[in-house]
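Below: one structure, written as structure tokens.
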Amino acid sequence: MQASDVMSIDRESLATRPSCADARDDDALSVAAARDAIRAAVQPFAHDEIVPIRAALGRVLAVDCISPIAVPSHTNSAVDGYALAGVDLPGDGVREYPVVATVMAGGREAVVCGAGQCVRIMTGAPMPAGADTVVMQEHVEVVDDGGVRIDARHRVGQNVRQAGEDIAVGSRVFAAGRLLRAADIGVLASLGFGEIRVRRRPRVAFFSTGDELRSIGEPLAEGEIYDSNRYTLYAMLTESGADVVDLGVVGDDPEALARAFHAAAGVADVVVTSGGVSVGEADYTKAILARLGQMSFWTIAMKPGRPLTFGRLGDALFFGLPGNPVAVMLTFQQFVGPALRYLVSGVWPEPLIVRAASAVELKKRPGRFEFLRAILERDVDGRLTVRPAGAQGSGILTSMSRANCLVLLPEDCDGVRAGEPVDVQPFATEL
Ligand code: AMP
Ligand code: MG
């Protein structure tokens, strides 16, 4: 590494060396400001591909989806019963009708229901000509000669699904940018689409940095740890729908790091690393990054996860996450995951936030945004309550495993009394 590399580091950012004990650092960027800066720097991409609809779950629609047909395509019965003309319903008392035909779902023969008659009809069967109303079979009395008796409690038009009542021909069913869910796959099938144009998955290359890291299967010497970040990153990237490129572990060696950054940027839309960017870590990581790309070295007013490097490495977006395992997960959840979604869809996702009463007092000083790993549950009265999921150190990854949510304590919060409501970001759809 050249001396000039070190000179090219943004002196301003290196001068900002807040201690982890500080609650407030004046130069720190708020979580919201970091999100805004990332969003402003990400240009949503437009790489598309066509996939079978079964492979489209979790993918982002690349085009507006316009319906080529009406759904349902024909006016049909919503129940098993008897179709008739609404004008023939009895105003009061009971009336008897001959049953002149039967229509089944998929039935194609032209059936006519004349005045004063009814037609036996099954759920989904096309309405006979002349009928606009269906009485469900449980509400009729079948008489000996095969006719039915119907009483006065029915409405004209009941139990009929109109053609196009779900989807009209030519209507926009989904807008480009939609993240496709299970119901959407079914809706696409109901329109007759076998394949659909979606955005290409973002290709994300990632590696861990640190001389102390050993790969699984290797024995641990004194002072060494297994590289867990690469596995949590692999899992979170996979959950985010990324196409992942695992570049392994790179030691704290300037040449090896420079080669790895370069290689990663060459194969991916986004590069994510962990470790090596924290205060106290060798400054050469910053020097190399500053040389290879346009980088911001941020101190974010959040806990855990305050150091974050964000920028551009060649054509790739770059996120240099902290090394501590919990900080990796939180910075991913707050910044990388949403940025990937934005890159692919042009939509910055808003997480679901719910309110719950804190079961205990939560101590906090104003200054940083704190993300407390916590357990959301129901109390005996069925109300949502939340309590910390044990020790909150940024190296204690089991706190993330135990937790089913984060308690969000914004910058200006100065503590929470037991019983007070707090904002909670659930991880899971199950308690
Ligand atoms: P660093 O940001 O590189 O100073 O790392 C901060 C802390 O995170 C140190 O205790 C590292 O040992 C730990 N750490 C860094 N990378 C990893 C990793 N890939 N897996 C587990 N722990 C890590
Ligand atoms: Mg390190």
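The values are calculated or read from the model by the stated rules, or taken from the named source; none is laboratory data. As the structure is a prediction and not an experimental result, all values here were calculated from the model. Heads up, the Cβs are rebuilt from the backbone with ideal geometry, glycines too, and the neighbour counts pull from every protein chain shown. To get the accessible areas, we keep the full protein, side chains included, count just its heavy atoms, and leave off ligands, DNA and RNA. Shrake-Rupley method; radii C 1.70, N 1.55, O 1.52, S 1.80 Å.
Could you run through region 172-219 and say how many residues are touching a Phe, Trp or Tyr at 6+ places or on another chain (Cβ under 8 Å) and within 16 Å of ligand 2 (Cβ to nearest atom)? So the answer is 4.
Quick grid of which residues meet (1) under 25 Å from residue 42 (Cβ atoms); (2) modelled with pLDDT of 95 or more; (3) outside any loop (DSSP other than H, G, I, E, B); (4) assigned by TED's automatic domain parsing to the domain that holds residue 234:
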{"residue": "317", "(1), (2), (3), (4)": "yes, yes, yes, yes"}
{"residue": "338", "(1), (2), (3), (4)": "yes, yes, yes, yes"}
{"residue": "360", "(1), (2), (3), (4)": "no, yes, no, no"}
{"residue": "408", "(1), (2), (3), (4)": "yes, yes, yes, no"}
{"residue": "412", "(1), (2), (3), (4)": "no, yes, no, no"}
{"residue": "422", "(1), (2), (3), (4)": "no, yes, yes, no"}
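Sort out which residues of region 150-184 are closer than 25 Å to residue 59 by Cα, aliphatic (A, V, I, L, M) and open to solvent by 30 Å² or more (accessible area, probe 1.4 Å), and write them in order of number. Once the filter is applied, which keeps residues that are closer than 25 Å to residue 59 by Cα, aliphatic (A, V, I, L, M) and open to solvent by 30 Å² or more (accessible area, probe 1.4 Å), region 150-184 yields 168, 169, 173, 175, 176, 179, 182, 183. Among the residues of region 264-302, the ones that are open to solvent by 50 Å² or more (accessible area, probe 1.4 Å), away from ligand 2 (no atom under 16 Å from the Cβ) and either acidic (Asp, Glu) or at pLDDT below 95 (or both) come to 3 in all. Just one of the listed residues (312, 387, 365) is more than 28 Å from residue 205 (Cβ to Cβ), more than 16 Å from ligand 1 (Cβ to nearest atom), open to solvent by 30 Å² or more (accessible area, probe 1.4 Å) and in a strand (DSSP E or B), namely 387. The set of residues in region 393-406 that are more than 11 Å from residue 325 (Cβ to Cβ) and assigned to a helix (DSSP H, G or I) contains only 402. Taking every residue in region 338-357 that is touching a residue at least 12 places away in the same chain (Cβ under 8 Å) and pairing it with any residue that is of a type in the set (S, T, N, Q) and not in a loop (DSSP other than H, G, I, E, B), at least 6 positions away or on another chain, the pairs with Cβ-Cβ distances below 6 Å are 351/425; 353/425; 356/385; 357/385.
The strands (runs of 3 or more DSSP E) located wholly in region 40-120 that include 2 or more residues which are within 30 Å of residue 181 (Cβ to Cβ), of a type in the set (A, V, I, L, M) and touching a residue at least 60 places away in the same chain (Cβ under 8 Å) occupy 48-52.
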